[in-house]
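Here's the structure, in structure tokens; my notes come after.
The values are calculated or read from the model by the stated rules, or taken from the named source; none is laboratory data. Not measured: the values here are computed from a predicted model. Cβ sites come from the backbone with ideal geometry, for glycine too, and all protein chains shown count toward neighbours. Side chains included, ligands, DNA and RNA excluded: accessible areas come from the protein's heavy atoms. Shrake-Rupley method; radii C 1.70, N 1.55, O 1.52, S 1.80 Å.
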Amino acid sequence: MEYKKIIDFIKTLYGNQEFTPLAVPVFVGNEKKYLNECIDTTFVSSVGKFVDRFEEDMARYTGAKKAVVCVSGTNALHMSLMLVGVKRDDEVLTQALTFIATCNALSYIGAYPVFIDVDRSTMGLSPDAMKEWLQKNAEVRKNIRINELDKSHDFSFQEDGFACYNKHTGRRIKACVPMHSFGHPVRIEEIAALCKEWHIELVEDAAESIGSTYKGKHTGTFGKIGTISFNGNKTITTGGGGMLLINDEELGAYAKHITTQAKIPHRWEFRHDHIGYNYRMPNINAALGCAQLENLDKYIVSKRKVATEYEAFFKNIPDIEFFVDSPDTYSNYWLNAVILKDKEAQIEFLTQTNDNGVMTRPIWELMNRLPMFEKCENDGLTNTIWFADRVVNIPSSVRL
Ligand SMILES: Cc1ncc(COP(=O)(O)O)c(C=O)c1O
């Protein structure tokens, strides 16, 4: 393997630094100006103009009816699953090939993941595998819970009277959470159609895919709710933070209410009408987000250019495939990925690059291999395991 050539290429791409990191944030816009404004006005906490502005700017940017900020992408996922009505002992269809936050969020509610395989073309949840699993294992029943619903005690006030059940476990399959791996959109239209057919709520984990679109529509806006992360390693950051993208005004207003302690607006009274959460993003983080968002499109152009250069380079390297986005999609290329020949080649690639000042990482340990989720159902996960043995993420920072 031509490791020296690969390492030299990556180093040159990023200005020949001694150490080339995987993904670092860039602050070249109004970040300091907006942060100073927060300090000068004392609005550093959960109230302030940047919180409102960031939500409005993101709703406009993504085309969501309402955007609600949160303190992390994990919180945003937790809230989304509650808001679509996931309850203890429900099942949620998702990927084993994802970051732990996807499964943690549904576990906070006491729900169980069911792991469905990913596509070779997207690295995200496969609608073919999902269809096959549903046909074998699921059935739609008239939902007996519909009569009990009460908006003040139940988040899921928008249920349609039918529900999907796992024929073998007897559990309700309430939601499906596909994840747009490394910013590459999944075949989301087909997944959305399956969710509709089977009466399953679609919550997109778009943590990694800000700015990525499928047929021109922003990821995270195909189901009732989608979530984004603004963690420091993401395409744009608020330090830490997340967001819910909601395609329903009423649900959006409710999400804001629930994530801000469910306080009934009043000039001085402290009255609350629900168990609420203190998940609100502070103004200083939102200020950072506003400034970062102003440059997002520029950052994505830069990241896509890096990806094009990688693609051209790896075409001439035998036994390594550079992963590209599929037709109909526009990926932000949050993290670039190469696919090695086998597990042995993956380990050798990781060793050589990390030993020589180029930071690279394998894909996350599969969720079904972690002790918390190893007993959860899966469909065999053929492509998932294939990727886990081969994928390595390579440096992907914005280059200006
Ligand atoms: C796929 C995925 N889901 C959820 C999250 C959670 O986001 P956060 O770190 O902001 O809680 C992340 C990233 O960190 C992620 O990559």
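Given the whole protein assembly as supplied and a 1.4 Å probe, what does the accessible area of H168 come to in Å², nearest 10?
Looks like 130 Å² after rounding.
At a Förster distance of 56 Å, what's the computed FRET efficiency of K33 paired with K167, Cβ-Cβ distance as r, to 0.05?
It comes out at approximately 0.45.
Out of residues 5 or more away from R361 or on other chains, whose amide H comes under 5 Å of its own, with H placed 1.01 Å from N in the peptide plane?
Residues meeting the amide H criterion: N393.
Can you compute 3J(HN,Hα) from phi for each residue in segment 335-345, using the Karplus curve 6.51 cos²θ - 1.76 cosθ + 1.60 with θ = phi - 60°, rounded to whole Hz and x for Gly and Pro?
Karplus values, whole Hz, x for Gly and Pro: 10, 6, 9, 10, 10, 8, 5, 7, 4, 4, 5.
Let me check I've understood the local charge: for E56, count other residues with C-beta under 15 angstrom from its C-beta, Lys and Arg +1, Asp and Glu -1. What total comes out? Mind showing how you got there, number by number?
Details: positive: K49, R53, R60, K65, K66, K256; negative: D52, E55, D57, E249, E294.
Counting the neighbours of E56, the net charge comes to +1.
Going by the alpha-carbon gyration tensor, a ≥ b ≥ c the square roots of its eigenvalues, is segment 58-114 rounded (a/c under 1.5) or, if a/c is not under 1.5, prolate (a/b greater than b/c) versus oblate?
It is prolate, given that a/c is not under 1.5 and a/b is the larger ratio.
Roughly speaking, what is the centre-to-centre gap between segment 154-232 and segment 262-286 when only Cα atoms are used, to the nearest Å?
27 Å
Under 17 Å from the 7 Å Cα→Cβ point of V44, by amide nitrogen: which residues of segment 209-240?
Counting backbone N atoms under 17 Å from the label point, the list is 239-240.
Taking square-rooted eigenvalues a ≥ b ≥ c of the alpha carbon gyration tensor, is segment 321-360 rounded, prolate or oblate, where a/c under 1.5 means rounded and, failing that, a/b exceeding b/c means prolate?
Oblate shape, in that a/c is at least 1.5 and b/c is the bigger or equal ratio.
Return the distance in nm (one decimal) between the two label points of a simple spin-label model at D319 and N104, each offset 7 Å from Cα along Cα→Cβ.
3.7 nm
What spacing in nm lies between the two simple spin-label points modelled at V140 and H274, each 7 Å away from Cα in the Cβ direction?
For V140 paired with H274, the spin-label model returns 2.7 nm.
Select from L340, G289, T329 the residue farthest towards the positive end of the dipole of the chain; place +1 on Cβ of Lys and Arg, -1 on Cβ of Asp and Glu, and compute about the Cα centre.
G289
What does the accessible area of Y14 come to, in Å² to the nearest 10, when a probe of 1.4 Å is used?
20 Å²
Of all accessible surface on the chain at a 1.4 Å probe, what whole percent is carbon and sulfur?
Taking all protein chains in place, the chain shows 52 percent carbon and sulfur surface.
Please work out whether the chain counts as rounded, prolate or oblate from its C-alpha gyration tensor, where a ≥ b ≥ c are the square roots of the eigenvalues and a/c under 1.5 means rounded, while otherwise a/b larger than b/c means prolate and anything else oblate?
oblate
Under the 0.36 nm per residue contour assumption, what length would be gained going from the current alpha-carbon distance of Q352 and E56 to full extension?
Value of the extension gain: 102.0 nm.
Please report the antiparallel percentage of DSSP beta bridges with both residues in the chain, rounded to the nearest 5. List each step's numbers first, then the result.
Numbers: 32 of 49 bridges.
Around 65 percent of the beta bridges assigned by DSSP in the chain are antiparallel ones.
Rounded to the nearest 0.05, what FRET efficiency do E365 and K298 have when you use their Cβ-Cβ distance and R0 = 25 Å?
Computed FRET efficiency for E365 and K298: 0.15.
To the nearest 20 Debye, how big is the dipole of segment 219-321 about its Cα centre, given +1 on the beta carbon of each Lys and Arg and -1 on that of each Asp and Glu?
For segment 219-321, the charge dipole is close to 320 debye.
For E201, E37, E321, E249, give the ranking by accessible area with the largest first, probe 1.4 Å.
E249, E321, E37, E201
As a quick test, which of the pairs K5/K343; K5/K234; K167/K215; K215/K298; K4/K343 have an alpha carbon distance above 30 angstrom in this structure?
Long pairs (Cα-Cα over 30 Å): K167/K215.
Over segment 300-400, calculate the relative contact order: mean separation of alpha carbon pairs under 8 Å at least 6 apart, over the residue count, as a percent.
Reported as a whole number, the value is 36 percent.
Quick one: compute the contact order of the chain, relative version, from alpha carbon pairs under 8 angstrom and 6+ residues apart, as a percent. Don't skip to the answer; put the middle values down first.
On the way: 884 pairs, mean separation 98.0, N = 400.
Reported as a whole number, the value is 25 percent.
Give me the one-decimal nm value for the distance between modelled label points at K343 and K65, 7 Å along each residue's Cα-to-Cβ direction.
Rounded to a tenth, the inter-label distance reads 4.8 nm.
Could you report the accessible area of V301 in Å², rounded to 10, computed with a 1.4 Å probe on the protein chains as they sit in the structure?
Number for this one is 90 Å².
Compute, for the chain, the length of the dipole vector about the Cα centre, with Cβ point charges of +1 (Lys, Arg) and -1 (Asp, Glu) only. Units Debye, rounded to 20.
Value, rounded to 20: 560 debye.
In square angstrom, what is the accessible area per residue of segment 1-136 with a 1.4 angstrom probe?
Solvent-accessible surface per residue comes out at 43 Å².
Using the per-residue mean of other Cβ atoms lying within 10 Å as a proxy for protection, in what order, highest first, do the peptides 85-94, 17-26 fall?
Taking the mean over residues of other Cβ atoms within 10 Å, the ranking is 85-94, 17-26.
Of W268, W133, which has the most accessible area with a 1.4 Å probe, and how do the rest follow in descending order? Don't skip to the answer; put the middle values down first.
Working: W268 165, W133 15 Å².
Solvent-accessible surface, decreasing: W268, W133.
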